[in-house]
Amino acid sequence: MARGQKKNTGFSEKELELLRNFSPNTSSKGMAVFWIHALYVVIVPIWIQARVHQYPVGEQMIYLVLGTLLQAFALQFAYKNVKNVQKEKIALQRTEAVSAEVTAQVGTKVARQELEDRILWRKGEVAENESIHFSILYNNCIYLGLYLLFSVIFFKNWAPLTNYTFSIIVAAGAVAGISRTK
Amino acid sequence: MKLFGIFALIGSAFGQEDAQQAPVEARLLISKKTDTKILAENVDMTFTYKIYNIGQSAALDVEFTEENFANDWSIVSGDAKTSWKSIEPDSSVTHEIVVKPSKAGAQNITSAVLNYRPSSDSEETVRSFSSDYGVANIIPENEFLRNHASHGIDWLIFLVLTIPSILFPYMLYNKSVARFTKAKKN
């Protein structure tokens, strides 16, 4: 095969699109949503650190920046994993409803094969969106809950920097660690 | 000898009765206290001064001076120097100052001073001192904020900040679930 020529996968364009719909890879739009949410949710605890624990933000900013980046990476890793696990479950749950919706929309206008392909595609789309929202909600609740528990109760008498470091290790670490469980 | 002892006892009883009577001229006693439990930098403290006249005459031209809060303190409300034309016998007046320490550490808070004329005939003034507070250990502001402040507003703002992270994903997820549950039923 000449250089630059694409390998023939043997699938049609439509089949490739369906495969992409059901692949565990998250779309670029989904990844962008994950990163934005991850960066935002890990910045929120800095408010509690600064106001309640009197963390010296100006003097120790570098630790906040490092912590934010590492946590954001852990959070988006967790989002992806939970989303992949949930997508399969949601796709199974929504089969009937999606079939009814698509059938109601196109009815007998299209051939049976075309209708089935549309249902499959729509099911994948619905499962993708719903699993993204669920994953963000689920991981954010656990992350913020663990952070508050450890920062405000268990580590409350520790120095601000130590409090921050250990609270985020526990919260982000736990979220990333349990994200692969089904 | 026994007779002398009896007369001495009777004499001392009369003497004690005289000592318990109120002084003829005005006599002012002043107490100084604060109910503020936690003394912290940049946190308001209220000092209350109660001036009692235990004499039988009115105290005239009463001048109150509090010089403890001149350095490293700021006065939030009330006057460090004030005066009353007279304080009647068997009566009292109350004065309050709200101050704020601008420096942490141990600070010695001594007495306030009262100058007054004990009677209308007297041209000389009498000086009286209040009780002193003693050494006040002012804790640093960040320590106070960390350990004692309520942070109500901060927690409210935190709740608002979590809305995009929790409420929005929940609403979107719930909307999708409700839509497809309804579609399934139909």
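The figures follow:
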read-out: Inter-chain shielding of B:159-166 (mean C-beta neighbours from other protein chains, 10 Å cut-off); value: 5
read-out: Euclidean distance of C-alpha centroids, the stretch A:143-181 and the stretch A:23-91, integer Å; value: 13
read-out: Efficiency of FRET between B:Ser77 and B:Val160 - r from beta-carbon atoms, R0 30 angstrom, step 0.05; value: 0.35
read-out: Calculated log₁₀ intensity ratio I(q)/I(0) where the Debye formula runs over C-alpha points of the stretch A:28-180, q = 0.09, 0.13, 0.16 Å⁻¹; value: -0.40, -0.65, -0.83
read-out: Electrostatic dipole magnitude of the protein assembly as shown [Cβ: Lys, Arg +1; Asp, Glu -1; Cα centre; debye, to 20]; value: 3620
read-out: Chain B: relative contact order as a whole-number percent, Cα under 8 Å and 6+ apart; value: 21
read-out: Rounded to whole Å, sorted largest first: equivalent-ellipsoid semi-axes of the stretch B:48-123, Cα gyration tensor; value: 29, 11, 10
read-out: Segment A:Cys141-A:Gln60, length gained on full extension (0.36 nm per residue, minus Cα span); value: 26.4 nm
read-out: Gain on full stretching of the segment that runs from A:Glu125 to A:Ile153 - 0.36 nm per residue minus C-alpha separation; value: 5.9 nm
read-out: 20 Å reach of a label modelled at B:Ala136, 7 Å along Cα-to-Cβ, counting backbone N of the stretch B:28-42; value: B:30-42
read-out: Distance (nanometres) between label positions extended 7 Å along Cα→Cβ at B:Ala70 and B:Val24; value: 3.8
read-out: Ranking of A:Val41, B:Val177 by count of other Cβ atoms within 10 Å, fewest first; value: B:Val177, A:Val41
read-out: Förster radius 41 Å - calculated FRET efficiency between A:Leu69 and B:Thr181 (Cβ-Cβ, nearest 0.05); value: 0.55
read-out: Cα centre as origin, Lys/Arg/Asp/Glu Cβ charges: chain B dipole, Debye; value: 2040
read-out: Positive minus negative residues near A:Val152 (Lys, Arg vs Asp, Glu; Cβ under 15 Å); value: +2
read-out: Sequence of A:Glu130, A:Glu59, B:Glu143 once ranked by neighbouring C-beta atoms within 10 Å, starting from the fewest; value: A:Glu59, B:Glu143, A:Glu130
read-out: Normalised contact order of chain A, rounded percent, pairs of Cα under 8 Å and 6 or more residues apart; value: 30
read-out: Residue order, fewest to most beta carbons within 10 Å, for A:Ile62, B:Ile138, A:Ile136, B:Ile54; value: A:Ile62, B:Ile54, B:Ile138, A:Ile136
read-out: Distance-filtered residues of the stretch B:93-124 - backbone nitrogen under 20 Å, label point 7 angstrom along B:His148 Cα→Cβ; value: B:97-110
read-out: Peptide B:145-155 - average C-beta neighbours from other chains (10 Å radius); value: 3
read-out: Chain B: C-alpha gyration tensor shape, a/c 1.5 cut-off, then a/b vs b/c; value: prolate
read-out: Three-way shape call for the stretch B:100-186 based on the alpha-carbon gyration tensor, with the a/c threshold at 1.5; value: prolate
read-out: Violating pairs (Cα-Cα greater than 31 angstrom) within the set A:Lys83/A:Lys156; B:Lys81/B:Lys103; A:Lys29/A:Lys89; A:Lys83/B:Lys182; A:Lys156/B:Lys175; value: A:Lys83/A:Lys156; A:Lys156/B:Lys175
read-out: Cα gyration tensor shape for the protein assembly as shown, rounded if a/c is under 1.5, else prolate or oblate; value: prolate
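Since every read-out is calculated from the coordinates, none of them should be taken as a lab result. Values in this document were obtained by computation on a predicted structure and should not be read as measured data. All Cβ positions, even for glycine, are placed from backbone atoms using ideal geometry, and neighbour counts span all protein chains on display.
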